[in-house]
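Accompanying notes for the structure given below.
The values are calculated or read from the model by the stated rules, or taken from the named source; none is laboratory data. Owing to the predicted nature of the structure, the values given are computational and were not obtained by experimental measurement. When we count neighbours, we look across all protein chains shown, and the Cβ atoms used for this are built from the backbone with ideal geometry, even at glycine. Ligands, DNA and RNA are stripped out before the accessible areas are found, and what is left, the full protein with its side chains, is counted by its heavy atoms. Shrake-Rupley method; radii C 1.70, N 1.55, O 1.52, S 1.80 Å.
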Amino acid sequence: MTNDPSLALSAQDCLVAVMVAVSASDEDIGTTELIKIQTAVNLLPIFADFDVDRIKTVSQMVFDLFEQEDGLDALFGLIKEALPDRLNETAYALACDVAAADGTLEEAELRILEEIRYELEIDRLHAAAIERGARARHLT
């Protein structure tokens, strides 16, 4: 898949893929989660030169991978290959924001957040701070 240059992921693609994966993990992509992804892409400096039309392409890639038996492993392989280490905590923070956007954390979302922490080697203390920040931003 990564041998085709048109399918190579950018760092921004990886961040979108992580957000979409969290949203799709519970098989219920909510409007608030979609709005959170769109808002992040529209407002955050990391996405300043990102083509928003890529959201659909990256989302479809995530959905296609989720239909495969080892799709989650394949997704993390692609992300770890293309995402610079300096953006691992950014990816986790965005994932936490999407998970918290609808006010509830389903078991599937908690599992994928745990997997993201593991795969991106997020320090436990840093992860706790990121999670607390997401929780604080999404209190009602």
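Could you tell me the convex hull volume per residue, in Å³, taken over the Cα atoms of segment 25-131?
That works out to 110 Å³ per residue.
Between Glu106 and Arg137, what FRET efficiency comes out of the Förster formula 1/(1 + (r/R0)^6) with R0 = 25 Å and r the beta carbon distance, rounded to 0.05?
0.85
Could you work out [θ]222 nm for the chain from helices alone, using -39500 (n - 2.57) per DSSP H run of at least four and dividing by all its residues? Round to the nearest 500 deg cm²/dmol.
Calculated from helices alone, the mean residue ellipticity at 222 nm is -21000 deg cm²/dmol.
Can you give the relative contact order of the chain as a percent, counting alpha carbon pairs under 8 Å and 6+ residues apart?
34
With a 10 Å cut-off between alpha carbons and a GNM built on the chain, which of Leu113, Leu87, Leu125 moves the most?
Ranking Leu113, Leu87, Leu125 by mean-square fluctuation puts Leu125 first.
Show Leu9, Leu105, Leu44 ordered by accessible area, largest first, where the area counts protein heavy atoms only and the probe is 1.4 Å.
In descending accessible area the options line up as Leu105, Leu44, Leu9.
Helix 54-66: angle to the longest alpha-carbon principal axis of the chain, degrees 0 to 90, nearest 10?
90
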